[in-house]
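The values are calculated or read from the model by the stated rules, or taken from the named source; none is laboratory data. The shown structure was predicted, so the numbers you read here are calculated from the model rather than taken from an experiment. We place every Cβ from the backbone using ideal geometry, glycine too, and count neighbours over all the protein chains shown.
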Amino acid sequence: MSLPNPSMAFIPFAILTADEMNDLVENDQALAAGTGLNNDAVPGSRLDITTLLPRIVLARASTGAASTAAATTTPINIPSLSLSAAMNGTHEIEIALSIPIGTGTVPNDIIEYQLKDGGTVIARGRSVVISGTGEIPSVALLWLGVPTAATHNYTVDYVRFAGSGNLRPVFSTSGQGVITIKRTR
Amino acid sequence: MKGSMNKVSQEKHVTLNLPALWKAVPGRSIGSRTYTSNRSYLDGKQIKIADNKTPITAYYQTFTKGKKDFSLFIYSDETDIKKISDFFEKLVKNTKVEDISKALVSASSDGFTYLHTYYKGETK
């Protein structure tokens, strides 16, 4: 036990001396200062992780589901890459989005991935359909900023930015879409 | 050691060498504290005060019986904690779970239950 005066106990008729009362005060002070806590006394589940220091993952989601709709000019949302996180208005966060390969029907068409905070696009990334294979190379997006104090809902859409064909990301167990929100400062 | 127990709610003086049943003392299984002044107690019918020459010691030990956690305590002129612990063990063995449960219902800082067996073998 880390308390300076552990194992204090009293029974009926006990007379509390000034010394003992001061020992109790010392225990209280140690708890208030945090030095009276045992190592590992506070499990992570008892902590508010949004108050912790850098590099704390606030939220994370991934998908390996194969079925995605083909996009043209109307943005399509990827529901499994939606996240919510409570922000306090002062913490800097980093949102990392990784999209594996995609596929397109017309060579040189461009797909755009949009990271949104509510209805606002805060980051975009584009890739192009490769001639011959129809494959779209993977895209990684990183956004850094200080969101306002509120619960923010982050979503990911994709849309055809240029061209005439249909485009879509292709997820699999070995090619997952991943989004992570980290507190960085 | 068997027999009824008396609940005590308010008493000015603790009775010397008479064990009592109370709720479990937190944090430790056995402990003691010696008084060399200011501690009044009832020795027979006489009220006495502990002093340097005749200190008294409060002993307490936590037990579990019939899934009930409780403690026994005693104020005694005995100085050997082992003897007190052995005495407590015998008392617990001979105390019914029903009596423990009953005592615990009324247990509070000023409500404990004296047992009927004095330390040193005398009977109340």
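A search for C-beta distances below 6 Å between a residue of region B:59-70 that is of a type in the set (S, T, N, Q) and any residue that is part of a strand (DSSP E or B), counting only pairs 6+ apart in sequence or on different chains, returns B:GLN61/B:ILE30; B:GLN61/B:LEU72; B:THR62/B:SER71. Taken as a whole, region B:43-51 holds at least one residue that is modelled with pLDDT under 90, more than 10 Å from every other protein chain (Cβ to nearest Cβ) and in a loop (DSSP other than H, G, I, E, B). Looking across A:ALA32, A:ALA71, one residue alone is surrounded by 11 or more Cβ atoms within 10 Å (Cβ to Cβ) and of a type outside the set (Ser, Thr, Tyr). It is A:ALA71. Does A:LEU3 fit the bill of being in contact (Cβ under 8 Å) with a residue 12 or more places away in the chain, within 14 Å of chain B (Cβ to nearest Cβ) and either in a strand (DSSP E or B) or among the aliphatic types (A, V, I, L, M) (or both)? Yes: the conditions hold for A:LEU3. One residue alone among A:ILE93, A:ILE122 is touching a residue at least 12 places away in the same chain (Cβ under 8 Å), within 20 Å of A:ILE181 (Cα to Cα) and surrounded by fewer than 19 Cβ atoms within 10 Å (Cβ to Cβ), and that residue is A:ILE122.
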